[in-house]
1. Failed condition for B:Ser123, given (1) over 16 Å from B:Ile255 (Cβ atoms); (2) modelled with pLDDT of 90 or more, with all others met?
2. I want to confirm something. Restricting to the stretch A:44-53 and keeping residues that are surrounded by fewer than 23 Cβ atoms within 10 Å (Cβ to Cβ) and within 8 Å of chain B (Cβ to nearest Cβ), which single residue is modelled with the lowest pLDDT?
3. Can you confirm whether the stretch B:216-239 contains a residue that is within 39 Å of the chain's Cα centre (by Cα), under 24 Å from A:Ile69 (Cβ atoms) and of a type outside the set (A, V, I, L, M)?
4. In the stretch A:14-23, what residues are facing chain B (nearest Cβ under 8 Å) and either of a type in the set (Ser, Thr, Tyr) or touching a strand residue (DSSP E or B) at 6+ places or on another chain (Cβ under 6 Å) (or both)?
5. If a residue counts only when it is modelled with pLDDT of 80 or more, which strands (runs of 3 or more DSSP E) contained entirely in the stretch B:17-86 have at least 2 such residues?
6. Considering only the stretch B:456-496, state which residues are in a loop (DSSP other than H, G, I, E, B), surrounded by 15 or more Cβ atoms within 10 Å (Cβ to Cβ) and within 14 Å of chain A (Cβ to nearest Cβ).
7. Would you mind telling me which numbered condition in (1) in contact with a Phe, Trp or Tyr (Cβ under 7 Å, 6 or more places away or on another chain); (2) surrounded by fewer than 20 Cβ atoms within 10 Å (Cβ to Cβ) B:Met431 fails?
8. Given the conditions (1) farther than 16 Å from B:Tyr57 by Cα; (2) of a type in the set (A, V, I, L, M); (3) not in a strand (DSSP E or B), and given that A:Ile38 satisfies all but one, which numbered condition is not satisfied?
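The values are calculated or read from the model by the stated rules, or taken from the named source; none is laboratory data. These numbers were taken from a predicted model, which means no experiment stands behind them. Glycine gets a Cβ as well: all are built from the backbone with ideal geometry, and neighbour counts include every protein chain shown.
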Amino acid sequence: MTLQDLSVGKTAKIITVGGEGALRRRLLDMGLTPRTEITIRKIAPFGDPMELSLRGYALTIRREEAAKIIVEETAQGCGTHTRMRWRGGRA
Amino acid sequence: MLIALIGNQNSGKTTLFNQLTGSNQHVGNFPGVTVEQKDGIIKKHKDMTVVDLPGIYSLAPYTAEEVVTRNFILNDKPDVILNIVDATNIERNLYLSLQLMQLQVPMIIALNMMDEVKSSGNSIDVAKLEKELGVPVLPISASKNEGIAELISRLRKTGEGKILPVKFDCCTGAVHMAIHSLTHIIEEKAKAAGIPPRFAATKLVEGDSLIDDALQLTENEKDIAEHIVTEMERELGTDREAALADMRYSYIEGICGRTVQKKNQTKEQIRSEKIDALLTHKYLAIPLFLGIMLLIFWITFGPIGSFLGDLFSQGIGALTNLVDAALQAAGVSAWLQSFLIDGVFAGIGSVLSFMPMILLLFFFLSLLEDTGYMARVAFVMDKLLRKIGLSGRSFVPMLIGFGCSVPAIMATRTLPSERDRKMTIILTPFMSCSARLPVYALFTAALFPEHQALVMISLYVLGIVIAVLSGLLLKSTAFKGKPSPFVMELPAYRLPSAKSVMLHMWDKGKDFLRRAFTIILIASVVIWVLQSLDWSFDLTDTPQNSILASIGSVIAPLFKPLGFGDWRAATALITGLTAKESVISTLSVLFNAADSQALLTALQALFTPLSAFAFLAFVLLYTPCAAAIAATRREMGNLRGTLLAIAYQTGTAYVVSLLIFQIGRLFL
């Protein structure tokens, strides 16, 4: 799946970062490297861009870029799972 | 001793720079690019100069800021690199540090915001970090002025002792092999080019074209290099850029695992999440943003702003009267007196009357920027502006344009991409500024007494529509190519120090005065000469005989297809260049209007509602006043771009007015 498909509140691990040139390099430099854990914090009011949390800080990227980042959703505890799903559904 | 201050955006770099230098600052541009360069002398250490380099995250070759920083270190050879690192966000900040250490320049890391780390119950083992990194690490708090004296003495020691970072190996396995073999191959050429061989080799492995060019490798050497990299990529199963970024971050994770105890989110981060729950809320974000902007406009243009403005103009008025009386007493000739009073003093007066507004707007802009709210506005508004080829970052400057184009254009300085900056500078004057309002008020009172508000609103909307259409046009023509990446940090909300805000405000005010003074003064003097002299260069009392009026008569036919081919209207548009509200005073002089009622009657005789609307559309869209042109010149960085912007705006004004008048004529 890609980062774009991840719903709000969910955490995933980066597999690869796609794209090319300056934009891809910027993503890598900002710490979106393979195996990094990343959480979707929020979607902007107009539906794009999205706010991520990684390496202890908050970053915003557009959906277009998120669609180029392949991730693997990480398993979460039962309780949080349902709660997060509910939040994700609302967003 | 030359110190290069380098760090991530939002790491407190500017705050540290202000603490170190106080107001001993000098602002300029790096040669050839519109990247700001600030330098200053450290307080009580006259021999130590600090250069504040742009906030960057890496030394990649893609952005002007990163290239400028890199070239500065390689070419200007600073004695010490002062790398500021945000301790609350240490992993990502150290990513730049690792690259800086390879430049083989004496270096110190200032670990900023240590107070926040401690007060949140977290800790960083500074001594161990220093040992692991191989460079001195000093905990500081720039905003609380803690650890600064110690930092200065360590800077001196490191710089004078030329203490280099301990050579370290952050790479492992295949990457290590590749860098190692390449270093041997290019060592001689790198030394000849003045680039540390290891840095050069690392950048070559990363695929950095600038280093490639600088080294001037032979075809054979290039082939070998490519072969080495291909081997590395094959072994790792990933490409060169990802491999290097991954390697650096893995190394940092190792160090942080051994030195950083992070149990809790910092208090500032928790607070930020709470604030964001409101300020970037799905439904509340926009109303709250509009509320904040309305408050800013209300303070700037409402009671407080007009009080300060009145104070200024009273001061200028008193001074002018004083000089006027003195000139009278000294018995200078009438033309000289008129030149000094109506030309020079009126010019200075119009410059200074901008000051309170500019200072207030910059006070608020710097609050918005330094608290971290500006990044949230960009986050919320990005989707709207992307449609016209810009990013959310351009929203606030454009909005400020409704108040005054001058600070709006100056505010584009914070936009990270040069392309976005230039586009925003061109589009911002289409936002109808407050100086155009008196012109609208006068004309609508004369010709649309029933629909005054409606006509005014339609002009504001027209400006926005033209800006959007221009954005679409520019995006697919002059500014073709990829819009800049919108990958932006959302920093924790922090209250900026009063000192920072004041310094910023003062900086901008000074900048405006220095740049605008000359151009506005020249414009005012030129207009005075044209307005007061006739062709035999005698002072004339009848405005009809002035040089300006005859120029107006010559260009007037140009405006005939627009519906206002009268020489008085043309002349008023010329004087509108000094300040748009001058259109009114010129018209009233040229009509010989004794009072405002006479002026209204004169306008009713000259204009039809349709030609008046075409005229107002022209006033809205044509090139902004001299002060805004001065700001454009400054932020564009070159004369050609400025002239093109003016030509584009005036051309647009002509076409739009023409369409309004000609199409309107078919129906009315």
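1. Here B:Ser123 meets the rest and fails (1).
2. A:Asp48
3. Yes.
4. Selection gives A:Thr16, A:Val17.
5. Here the list reads B:36-41, B:49-52, B:80-86.
6. Result: B:Pro483, B:Ser484, B:Pro485, B:Phe486, B:Val487, B:Leu490, B:Pro491, B:Ala492, B:Tyr493, B:Arg494.
7. Condition (2) is where B:Met431 drops out.
8. (3)
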